Amino acid sequence: MGKMGKLIGSTDFLKLPLLKKGKVRDIYDFGDSLLIIATDRISAFDVVFPSLIPGKGRVLNSISEFWFNYTRDIIGNHMITANPDEFPGELLEYGDEIDGRSMLVKKADVIPAECIIRGYLEGSGLKEYMKTGAISGIKLPPGLKQCQKLPEPIFTPTTKAAEGHDESITFEELAWKIGVELAEKIKETCILLYDKASRHAESKGIILADTKLEFGLIDGELVVVDEMFTPDSSRFWDMKDYQPGRPQKSFDKQYLREYLESIGWDKKPPAPVLPGYVIENTSAKYVEAYEKLTGKKISV
Ligand SMILES: Nc1ncnc2c1ncn2[C@@H]1O[C@H](COP(=O)(O)OP(=O)(O)OP(=O)(O)O)[C@@H](O)[C@H]1O
Ligand SMILES: [Mg+2]
């Protein structure tokens, strides 16, 4: 990587067929393939900010690329290439804007579930556990604390809602929806992927507390799609500071969230413009996560 990049908040300048814009990524349709472009937008509490985070898009794209390669022995994925030299010719003129932050992928029939794997108790899982003693129908021992390590990683799928919040479903509900064989295969794969990725992360001083994966079928074959073990789809905690019973220092948006709490923002749009030091510190967190996980450098 190395090369300094432009800040990109929107890719409206691309004269290509837009498939959809997420909060962070813009996706273009090339027929059998898609171009997923990670912008430098940031969202917190589901609201997108007017300020951009230097390096964020390239970090997200490169972290996914790293994990797609790292997990190929377990399961295939949708990645064709993240190397701009291998992109379709019509993208050549946009090099400066899209290089480093874009991935060409095979279009898949996406399985309508968010496949969440949890090794630790936090977030919506913690809430569900406190209410019911279980997550997605999986009963857990009583008395677990916030952020405590679970006896073993658990598979806790949710619906993939077009709008509003995803709801957790049991394994049986997933099996009913997509078939028991496919559901079993996805669950087993998720646990294997989480085991491999979390062992690597731990060797770099990072706890992969939980993560969300999406799967799809390409020519009948089950593959991982979307993004993989990024700070946007996972909770990464600093192993040095880990202590159950309280929130953890994380490498993602935790820093920004704490700043937003401190200024008393009501979490309703429009989001406030961020001060320079908050932008810089957030950028540094993303870069640190990337450099720790991959052992490579990125300049912002
Ligand atoms: N290989 C693929 N083939 C088809 N669809 C894909 C593929 N990879 C990812 N997708 C889909 O592309 C969409 C990406 O949207 P994206 O995640 O950017 O926005 P979102 O989920 O609507 O919102 P958010 O920004 O909160 O994540 C998802 O619906 C995902 O399932
Ligand atoms: Mg998404």
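We did not get these values from a lab; they are worked out from the coordinates using the rules stated. All of these numbers come straight from a predicted model, not from anything done at the bench. Cβ atoms come from the backbone with ideal geometry, glycine included; neighbour counts cover every protein chain shown.
Quick one: which of 117-125, 245-253 comes out on top by average Cβ neighbours within 10 Å, and what's the full order, highest first?
Peptide ranking by packing, descending: 117-125, 245-253.
Send over the per residue convex hull volume for the chain, Cα only, as a whole number of Å³.
140 Å³
Can you tell me which lysines have their Cα less than 19 Å from the Cα of K20? Leave out same-chain residues fewer than eight positions away.
K106, K107, K160
What distance in nm lies between label points placed 7 Å from Cα along the C-beta direction at E172 and K160?
Distance between label points: 2.5 nm.
Give the relative contact order (percent, whole number) for the chain; include only Cα pairs under 8 Å separated by 6+ residues.
22 percent
Determine the shape class of the range 228-274: with a ≥ b ≥ c the square roots of the Cα gyration tensor eigenvalues, call it rounded for a/c under 1.5, and otherwise prolate if a/b is greater than b/c, oblate otherwise.
In terms of gyration-tensor shape, oblate.
Going by amide H atoms built from the backbone, whose H comes under 5 Å of the H on E227, apart from near neighbours?
E214
At what distance in nm do the modelled label points of V273 and M130 sit from each other, each positioned 7 Å from its Cα along Cα→Cβ?
Computed distance between label sites V273 and M130 equals 3.7 nm.
What is the gain in length, in nm to one decimal, between D73 and E202 on full extension, counting 0.36 nm per residue of separation less the C-alpha to C-alpha distance?
44.5 nm
For labels at E221 and L7 in the simple 7 Å Cα→Cβ model, what's the distance in nm?
4.2 nm
Sequence gap at least 6, Cα distance under 8 Å: using those rules, report the relative contact order of the range 105-206 to the nearest whole percent.
27 percent
Once R0 is set to 51 Å, what does the formula 1/(1 + (r/R0)^6) return for the Cβ-Cβ distance between E152 and K107, expressed as a FRET efficiency to the nearest 0.05?
Step by step, r from the Cβ atoms, then E = 0.90.
Quick check on the range 110-241: take the gyration tensor over C-alpha atoms, sort the square-rooted eigenvalues as a ≥ b ≥ c, and tell me if it's rounded (a/c under 1.5), prolate or oblate.
Oblate.
May I ask you to evaluate 6.51 cos²θ - 1.76 cosθ + 1.60, the Karplus curve with θ = phi - 60°, for each residue of the range 101-117 and list the ³J(HN,Hα) values in order in whole Hz, giving x for glycine and proline?
Listing the rounded values in order: 10, 10, 9, 8, 10, 7, 5, 10, 7, 6, 6, x, 7, 8, 9, 9, 10 Hz.
Find the relative contact order for the range 52-125 and round it to a whole percent, using C-alpha pairs within less than 8 Å whose residues are 6+ positions apart.
35 percent
Does the range 1-107 come out rounded, prolate or oblate, given a ≥ b ≥ c as the square roots of the eigenvalues of its C-alpha gyration tensor, rounded meaning a/c under 1.5 and, failing that, prolate meaning a/b above b/c?
Since a/c stays below 1.5, the shape of the range 1-107 is classed as rounded.
Sorting V278, V105, V300 on the 10 Å Cβ count, fewest up front, what's the list?
V300, V278, V105
Ranked by Cβ crowding within 10 angstrom, fewest neighbours first, how are I116, I178 ordered?
I178, I116
Using Cβ contacts closer than 10 Å as the measure, can you line up K56, K139 from fewest to most?
So the residues, fewest neighbours to most, are K139, K56.
For a paramagnetic label modelled at 7 Å from the Cα of K145 toward its Cβ, which residues of the range 217-238 fall within the zone defined by backbone nitrogen distances under 13 Å?
none
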